[in-house]
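The structure under discussion appears below in the form of structure tokens.
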Amino acid sequence: MKTSKKPVLTVVGAGPGDVDLITIKAIKALENADVVLYDALVNEELLQYAPQAEIIFVGKRLGCHAYTQDQINELIVVMAQKYGHVVRLKGGDPFVFGRGSEEIEYAQSFGLETAVVPGISSALGVPASNGISLTQRGISESFWVITGTTSAHKLSKDVYLASKSAATVVILMGMHKLEEIIAIYQENRTDDLPVAIIQNGTKNSEQKVIGTVNTISKLVAEKNIASPAIIVIGEVVKHSSNFNAYFEESFIKDEFIIQNLNL
């Protein structure tokens, strides 16, 4: 039986992982939800804010989908028509590689009222929480945010363009394409750019590794860094308050080796 409530979809950004980084407006939406459809990258602690709602996991990870995107679209409409207010809870910001606009357009085609609550994208929040300023006077005047995997499961062509620029580059969903990304930078650059890779950013389980284009692959293997993780490439990494000690330590080691070789 259909509810007498107006069918509504609210697409909500859950932020990069730390539950404290969700917005007050997002919490209010969850508290008023009749149904919550949440993704794999959402911190499940946030579901406590929707104690009266029916909770449905619809997460997608590489090679493992609880629902296809078409099925999620249909589920949104069915649940809204049956129960009323559906909150579609997405990791980060729903309009940064989150397919938020696709779900809204589909819901609107069935007459659903829709709303959006922005979230902190991992592309911005994770570097910031680690002291990496994506833009920095005299170092980087702009930044790119690129998906590591297109809908065709290929590396975005924008990586080729970005590798030739002076901008900071942030790549999401790119860990399984890391070797391909590194090869592009080695082909297009003569400088050994700093690279930071941060897994589970802003969560208690966060892990990170810092290196350069020529060393990062080995370091990732040594530290067992894997998805979900973001890749940050650019000189700003070297100037991060949290990471510059790494470069100072590496410089000291290199100088020590050179001095001993000259003995």
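The values are calculated or read from the model by the stated rules, or taken from the named source; none is laboratory data. Computed from a predicted model, the values in this text were never measured in an experiment. Note that each Cβ is placed from the backbone with ideal geometry, even for glycine, and that neighbours are counted across all protein chains shown. Ligands, DNA and RNA are excluded from the accessible area calculation, which covers all protein heavy atoms including side chains. Shrake-Rupley method; radii C 1.70, N 1.55, O 1.52, S 1.80 Å.
Taking residues in segment 142-164 that are more than 18 Å from ALA229 (Cβ to Cβ), and partners anywhere that are open to solvent by 50 Å² or more (accessible area, probe 1.4 Å) and assigned to a loop (DSSP other than H, G, I, E, B), the pairs with Cβ atoms closer than 7 Å and at least 6 places apart or on different chains are SER142/THR135; SER163/ARG189.
Taking (1) open to solvent by less than 90 Å² (accessible area, probe 1.4 Å); (2) at pLDDT 95 or above in turn, TYR67 satisfies each apart from (2).
Might you check whether a residue that is of a type outside the set (Asp, Glu), within 30 Å of SER156 (Cα to Cα) and open to solvent by less than 10 Å² (accessible area, probe 1.4 Å) occurs anywhere in segment 73-85? The answer is yes, given that some residue of segment 73-85 is of a type outside the set (Asp, Glu), within 30 Å of SER156 (Cα to Cα) and open to solvent by less than 10 Å² (accessible area, probe 1.4 Å).
Yes/no per residue for (1) farther than 21 Å from LYS203 by Cα; (2) not aliphatic (A, V, I, L, M):
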site	(1), (2)
GLY84	yes, yes
PHE97	no, yes
TYR106	yes, yes
ALA115	yes, no
VAL126	no, no
SER129	no, yes
GLN136	yes, yes
ILE139	yes, no
PHE143	yes, yes
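Taking strands (runs of 3 or more DSSP E) as the structural unit, those lying wholly within segment 148-218 and holding at least 3 residues that are open to solvent by less than 10 Å² (accessible area, probe 1.4 Å) and over 24 Å from ARG99 (Cα atoms) correspond to 194-199.
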